[in-house]
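Just below is one structure, and these are the notes that go with it.
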There are 2 protein chains.
Amino acid sequence: MYSSPPALEKLVQELSKLPSIGRKTARRLAFHLISGDREKMEDLANSILNAKNRLVHCTRCYGISESEICQICESTHRDSELLCVVERASDILPFENSGAYKGFYFVLGGVLSPLDGIKPETLHIPELVERIEKENVKELILALGSSPEAESTALYIDRRLANLPCKRTKLARGIPVGSELEFIDDVTMLRAFEERVRV
Amino acid sequence: MYSSPPALEKLVQELSKLPSIGRKTARRLAFHLISGDREKMEDLANSILNAKNRLVHCTRCYGISESEICQICESTHRDSELLCVVERASDILPFENSGAYKGFYFVLGGVLSPLDGIKPETLHIPELVERIEKENVKELILALGSSPEAESTALYIDRRLANLPCKRTKLARGIPVGSELEFIDDVTMLRAFEERVRV
């Protein structure tokens, strides 16, 4: 019985551990890599090792950073009265790209899910509460997802902060800009209708 | 203006060079890697470097191998009268998996495309002709694709070997096993009809 060379087999196996990369795609990627310029393989491997060694979590917002405190947390041009809570570090970029937000961020690291053992202490909720108690945060924007877990996490944080003067807001939900009405899913349509605003 | 940490940016850039991986997917993969077990990043990087350093082209069939002559070419249990010509090294596995073929392989390395500067000498066509002249190959199976370039490459090889006693065959084209007729594309249907066989 024929089997691929071990080094090829191992590469396919490692690539197929990536999300949304199945075995067939992994094989295609592996063959693409070994059929092309071999120096490029080294570039890719080095960029992975470099990322592994250099990237850390910012000790203030838990975003991804190359230094103890990230570029955003270190900025003096931002509005310290605004704090935006997101699930994952990758959720920061869309805010920054929109250019609409000039406050700071706080990465929870997930959402509450008691059945999976994810409690407030598993996430950075105690650190968040402490930060709001200590600092002059006027508005906390809860930019979490729309899964039941994310909704209840937002609710939990809202309650934990009920006695503090910090206002809690969440992102508007509705029809995405540029979308055709006929392609909007039912739940989004319901929310867009329920939360309609005056013209 | 905010920009991601350089090590993260570089990783996204390298990942997005992979085929069918756009910038958004590359970002998702990068965040998956740095959010998970960091040791796994090392495993992936090492598997890439290992593949880069160990994998070579077999000097006999031009397939992927860890030794000068690959496992298939070294086998003494195969039928040396059969030679199957494929475009890429990755085309060998489906044959091996089918279990139907017990001959040897020859990887062309592409198909002829004069406009892109791909001539017979750019591929391994001279080496193929030489091998057939020297060795006792009774049947050459031209298992190339169905693009116009692949078809004309098969035709070119067929003509180059016209004076040799080696029979040239190609794979049957038709309805894939298990397919519903209503989902078959027009060209496949045409070929399946034209090349119909007696029951």
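The values are calculated or read from the model by the stated rules, or taken from the named source; none is laboratory data. Source: prediction; values computed, not measured. Using ideal geometry, Cβ is built from the backbone for each residue, glycine included, and neighbour counts are taken over all protein chains shown. We work out accessible area using only protein heavy atoms, side chains counted, and drop any ligands, DNA or RNA first. Shrake-Rupley method; radii C 1.70, N 1.55, O 1.52, S 1.80 Å.
Odds and ends about this structure:
- Number of positions in the range A:76-98 that are facing chain B (nearest Cβ under 9 Å), loosely packed, with under 13 Cβ neighbours inside 10 Å and in a loop (DSSP other than H, G, I, E, B): 0
- Residue within the range A:177-192 that is in contact (Cβ under 8 Å) with a residue 24 or more places away in the chain and among the charged types (D, E, K, R) present: no
- Close pairs from the range A:1-18: first within 12 Å of B:K52 (Cα to Cα) and facing another protein chain (nearest Cβ under 7 Å), partner of a type in the set (D, E, K, R) and open to solvent by 10 Å² or more (accessible area, probe 1.4 Å), Cβ under 7 Å, at least 6 apart: A:A7/B:R54; A:A7/B:E66
- Considering residues of the range B:145-159 that are over 19 Å from B:E130 (Cβ atoms) and not polar (S, T, N, Q) only, the residue farthest from the chain's Cα centre (by Cα): B:L155
- Residue count for the range B:57-66, restricted to those that are more than 8 Å from every other protein chain (Cβ to nearest Cβ), touching a strand residue (DSSP E or B) at 6+ places or on another chain (Cβ under 8 Å) and part of a loop (DSSP other than H, G, I, E, B): 4
- Selected residue (criterion: surrounded by the fewest Cβ atoms within 10 Å (Cβ to Cβ)) from residues of the range A:99-125 that are assigned to a loop (DSSP other than H, G, I, E, B) and among the aliphatic types (A, V, I, L, M): A:A100
- Filter pass, B:L142 being open to solvent by less than 60 Å² (accessible area, probe 1.4 Å) and more than 14 Å from chain A (Cβ to nearest Cβ): yes
- Unmet requirement for B:K10, which otherwise passes all of (1) open to solvent by less than 30 Å² (accessible area, probe 1.4 Å); (2) in a helix (DSSP H, G or I); (3) touching a Ser or Thr at 6+ places or on another chain (Cβ under 7 Å): (1)
- Residue that is surrounded by the fewest Cβ atoms within 10 Å (Cβ to Cβ), among those in the range B:19-56 that are outside any helix (DSSP H, G or I) and at the interface with another protein chain (Cβ under 7 Å from one of its Cβ atoms): B:P19
- Of all residues in the range B:160-199 being loosely packed, with under 10 Cβ neighbours inside 10 Å and under 19 Å from B:I132 (Cβ atoms), the one that is nearest to the chain's Cα centre (by Cα): B:A162
- Where B:E135 falls short, out of the listed (1) open to solvent by less than 100 Å² (accessible area, probe 1.4 Å); (2) under 18 Å from B:I92 (Cβ atoms); (3) free of Cβ contacts under 8 Å to residues at least 60 places away in the same chain: (2)
- Search result, residues across the range B:145-159 that are in contact with a strand residue (DSSP E or B) (Cβ under 6 Å, 6 or more places away or on another chain) and open to solvent by less than 70 Å² (accessible area, probe 1.4 Å): B:A154, B:D158
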